[in-house]
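The values are calculated or read from the model by the stated rules, or taken from the named source; none is laboratory data. The structure displayed is predicted, hence computed values, not measured ones. Note: ideal-geometry Cβ built from the backbone for every residue, glycine included; neighbour counts use all protein chains shown. Quick note on the areas: whole protein, heavy atoms, side chains included, nothing else; ligands and nucleic acids left out. Shrake-Rupley method; radii C 1.70, N 1.55, O 1.52, S 1.80 Å.
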Amino acid sequence: MDITNVLPAECILHIISLTTPRDACRLAVVSPAFKSAADSDVVWEKFLPSDYKLIISSSVSASSLITSLSKKDLYFHLCHHPILVNNGTM
């Protein structure tokens, strides 16, 4: 029995959002249904801090990131390029 044919896409999205970013990337290679869910902004927004928009908007240089990147790309960008907030004091 193929679980991706039984569970609705929203359920798969929710399950993957309860894992970790590493697990989401691993699940993306399991099946096309998991890849679609694991690449979703719904999933990756769960991995970002709840106030990520406020944090980024208080940054000196990264305020355009919110609209220009997918949530997955934003997550990895912030992992590799930390931003300074509060006029560079944090």
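Tell me, what is the per residue accessible area of the range 33-90 in Å², probe radius 1.4 Å?
Averaged over the residues of the range 33-90, the accessible area is 63 Å².
For the chain, what is the largest minus smallest coordinate of the Cα atoms on each principal axis, given in angstrom and ordered from greatest to least?
The principal-axis extents, from largest down, are 55, 20, 19 Å.
Report the FRET efficiency, 1/(1 + (r/R0)^6), for N87 and S50, where r is their Cβ-Cβ distance and R0 is 25 Å, rounded to 0.05.
Efficiency computed from Cβ-Cβ geometry: 0.65.
With a point put 7 Å past each Cα toward its Cβ, work out how far L7 is from V29 in nm, to one decimal.
In this crude label model, L7 to V29 measures out at 2.0 nm.
Considering amide H positions built from the backbone, and no H for Pro or chain starts, which residues 5 or more places from V85, or on another chain, come under 5 Å of its amide H?
Result for V85 returns M90.
For the pair T20 and S68, how long in nm is the line joining their label points, each one 7 Å along Cα→Cβ?
3.1 nm
Enter the angle in degrees (range 0 to 90, nearest 10) between the Cα long axis of helix 71-80 and the first principal axis of the Cα atoms of the chain, meaning the one along which they spread out most.
50 degrees
Out of the total accessible area of the chain (probe 1.4 Å, heavy atoms of protein only), what percent is carbon and sulfur?
After summing per-atom areas, the C and S share lands at 60 percent.
With n ≥ 4 as the cut-off for DSSP H runs, can you work out [θ] at 222 nm for the chain, using -39500 (n - 2.57) per run divided by the number of residues, rounded to the nearest 500?
The helix contribution divided over the chain gives -14500 deg cm²/dmol.
Calculate the dipole size of the chain relative to its Cα centre from +1 charges on Lys and Arg beta carbons and -1 charges on Asp and Glu beta carbons; express the result in debye to the nearest 20.
Working: 7 positive and 8 negative charges, 36 e Å.
Computed about the Cα centre, the dipole is about 180 debye.
List the relative contact order of the chain as a percent without decimals, with contacts defined as Cα pairs under 8 Å and 6+ residues apart. All intermediate terms of the calculation are to be shown ahead of the outcome.
Numbers: 80 pairs, mean separation 20.7, N = 90.
Answer for the chain is 23 percent.
With the dipole of the chain worked out from charges on the C-beta (+1 for Lys and Arg, -1 for Asp and Glu) around the Cα centre, which of S57, H81, V6 lies farthest toward the positive end?
H81
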